[in-house]
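Read through the structure below, which is laid out as structure tokens, and then see the notes.
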Amino acid sequence: MEKAKITLHREFKIGQIDDRLYGAFIEHLGRAIYGGLYEPDHPSADADGFRQDVLNLVKELNVPIVRYPGGNFVSGYNWEDGVGDKSKRPQRLELAWRTVEPNLFGTNEFIDWVKKANTQAMIAINLGTRGVDSARQLVEYCNHPGGTDWSDLRISHGYPEPHKIPIWCLGNEMDGPWQIGHKTASEYGRLAQECAKVMRWVDPTIELVICGSSHRGMDSYIDWEATVLDYTYDLVDYLSLHTYFGNRADDTRNFLAMSVGMDTFIEEVIATCDYVQAKKRSSKKMMLAFDEWNVWFHSNQADREIDPWLVAPPQLEDVYTFEDALVVGCMLISLMKHADRVKIGCMAQLVNVIAPIMTQTGGGIYRQTIFYPYLDASLHGRGIALSLNLSSPAYEDATFGQVPYLEAVAIWNPTQEKLTLFAVNRNLEQELPLIGDLRDFDDYQLTQHSVLNHQNLKATNSFDQPNNVKPVYQVGGQSNNGELATILPKASWNVIILQKTKIQN
Ligand code: AHR
């Protein structure tokens, strides 16, 4: 049986992982907020109406940052509707998802929730129907200490301290015709430039994300990035990327190869950023925020059948399969492999809507299959990303060419003296023996190998069977004097941990 081989060395550094790589996204969409984060009548709700069962799973994931409130939703959102006395907040037609928004949860509730979830806020502003004025007022409302109209309004709403929101998105997917207030690259670039300028005047400490293309398949892809960066290069810190994968043709080998396209996407966008940098003779490197990524396709048909103008209907409720978890694992590895440039990642989304956490309104909760690779990456993927000198048997895919069975990256955490190898075996029929030359880590020993696999690629978790798909701790495999030998089961997500050997006295 052909083996995969890797060589690892401390000097093969890609870059330091920014903790925010393991962030998430939550939108006013379906039951993400209402019935997800916020459900005052739920038995587990706290005094603020936040579901504590949800908070517990979010804390388990150790989510470093959460992007809010959209998404397509933000392009029609008046943030003023969601602050102040709840009894006076308007119900509005929400045009992006054709629902009714009750505005019972808004910016301040989100900040309260963020604190309880031990995470950080990343707020998107509306550049669909609004612009410079509402952007500067929102930053003033949130981040200015007090003594001005907007900051005093926040204080009057019960928040004497500024929220100090450190990072802001300049709109959402403004290249897409589906977006409320969709714009050409020049229209958006110019508007974003002025918004960035005045938002920074209000609070010079903030960081900004400019919208890249909605996905790699957009006709305006690359021209869009080059144009919007031409306007804003000096004013923004990150360019956004979005990607959703699906197994619509039920071709799992192709589905598992899609992360190869994610690698290409990231590298093309980096090349474009660097082109604009060169054009501007700038010394600044643009960083990337992959602030929407996931698998999304299971719910497409059901969503077409949902009546419009309901409050919090069950939209985008993908129930994830085991093979989706493998794809999510490959996507996480793709993000880690580009840790030198991708600083922020947001799994889209966090609860109920294409999410790792699923709730029943008024009822229970369970971890979807994709919860596990996300959890593993968030818990063990912090440190320095190391590239692997990798050789692997491969298969041919019509779209992606030669695709290696082994997808992998290593994260070295010198403080914890821990080396973690994340590896997916894309082979659906056979296990993959893995040999590692880890001579530079010959003082480290294999301590744990956890595996997520299942005989049925389409297996899911559910309220009745919440543990149908979950990781197991594999016994076997060894590391001796810097040689690693283990087996990656067929179709599996693997987390292989080595720790520095303690010297016995
Ligand atoms: O996450 C669901 C939607 O996907 C978001 O609202 C939008 O930004 C993207 O198209």
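The values are calculated or read from the model by the stated rules, or taken from the named source; none is laboratory data. Note that the structure is predicted; figures quoted are calculated from it, not measured. Using ideal geometry, Cβ is built from the backbone for each residue, glycine included, and neighbour counts are taken over all protein chains shown.
Here are a few things to note about the model shown:
- Selection status of C273, among the hydrophobic types (A, V, I, L, M, F, W, C), modelled with pLDDT of 95 or more, in contact with a helix residue (DSSP H, G or I) (Cβ under 7 Å, 6 or more places away or on another chain) and in the same structural domain as L95 (by TED's automatic domain parsing): yes
- Residues in the stretch 47-56 include at least one that is in a loop (DSSP other than H, G, I, E, B), among the hydrophobic types (A, V, I, L, M, F, W, C), more than 18 Å from the chain's Cα centre (by Cα) and at pLDDT 95 or above.
- Scanning the stretch 275-313 for residues that are of a type in the set (G, A, S) and surrounded by fewer than 19 Cβ atoms within 10 Å (Cβ to Cβ) yields A278, S282, S283, S299, A302.
- Inspection of the stretch 36-49 finds a residue satisfying the criterion of being in the same structural domain as P356 (by TED's automatic domain parsing), farther than 30 Å from A408 by Cα and within 16 Å of the ligand (Cβ to nearest atom).
Conditions tested, residue by residue: (1) crowded, with 18+ Cβ neighbours inside 10 Å; (2) within 16 Å of the ligand (Cβ to nearest atom); (3) part of a strand (DSSP E or B); (4) touching a residue at least 12 places away in the same chain (Cβ under 8 Å).
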{"residue": "L326", "(1), (2), (3), (4)": "yes, no, no, yes"}
{"residue": "L335", "(1), (2), (3), (4)": "yes, no, no, yes"}
{"residue": "T361", "(1), (2), (3), (4)": "no, no, no, yes"}
{"residue": "T369", "(1), (2), (3), (4)": "yes, no, no, yes"}
{"residue": "Y374", "(1), (2), (3), (4)": "yes, yes, no, yes"}
{"residue": "A377", "(1), (2), (3), (4)": "yes, no, no, yes"}
{"residue": "E396", "(1), (2), (3), (4)": "no, no, yes, no"}
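- Applying the criterion of being closer than 24 Å to N427 by Cα and small (G, A, S) to the residues of the stretch 455-505, the residue that is modelled with the lowest pLDDT is G476.
- Residue match in the stretch 170-189 (condition: of a type in the set (F, W, Y) and more than 19 Å from W79 (Cα to Cα)): yes
- Scan the stretch 338-356 for residues that are among the hydrophobic types (A, V, I, L, M, F, W, C) and either farther than 21 Å from W97 by Cα or more than 16 Å from the ligand (Cβ to nearest atom) (or both) and the total you get is 3.
- Among the residues of the stretch 156-177, those identified as surrounded by fewer than 16 Cβ atoms within 10 Å (Cβ to Cβ) and more than 23 Å from A348 (Cβ to Cβ) are S156, H157, G158, P160, E161, K164.
Let's see how each residue does on (1) within 16 Å of the ligand (Cβ to nearest atom); (2) within 23 Å of F110 (Cα to Cα); (3) not in a strand (DSSP E or B):
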| residue | (1), (2), (3) |
| --- | --- |
| H163 | no, yes, yes |
| E173 | yes, yes, yes |
| K183 | yes, no, yes |
| E187 | no, no, yes |
| L191 | no, no, yes |
| T227 | no, no, yes |
| D230 | no, no, yes |
| D234 | no, no, yes |
| D250 | no, no, yes |
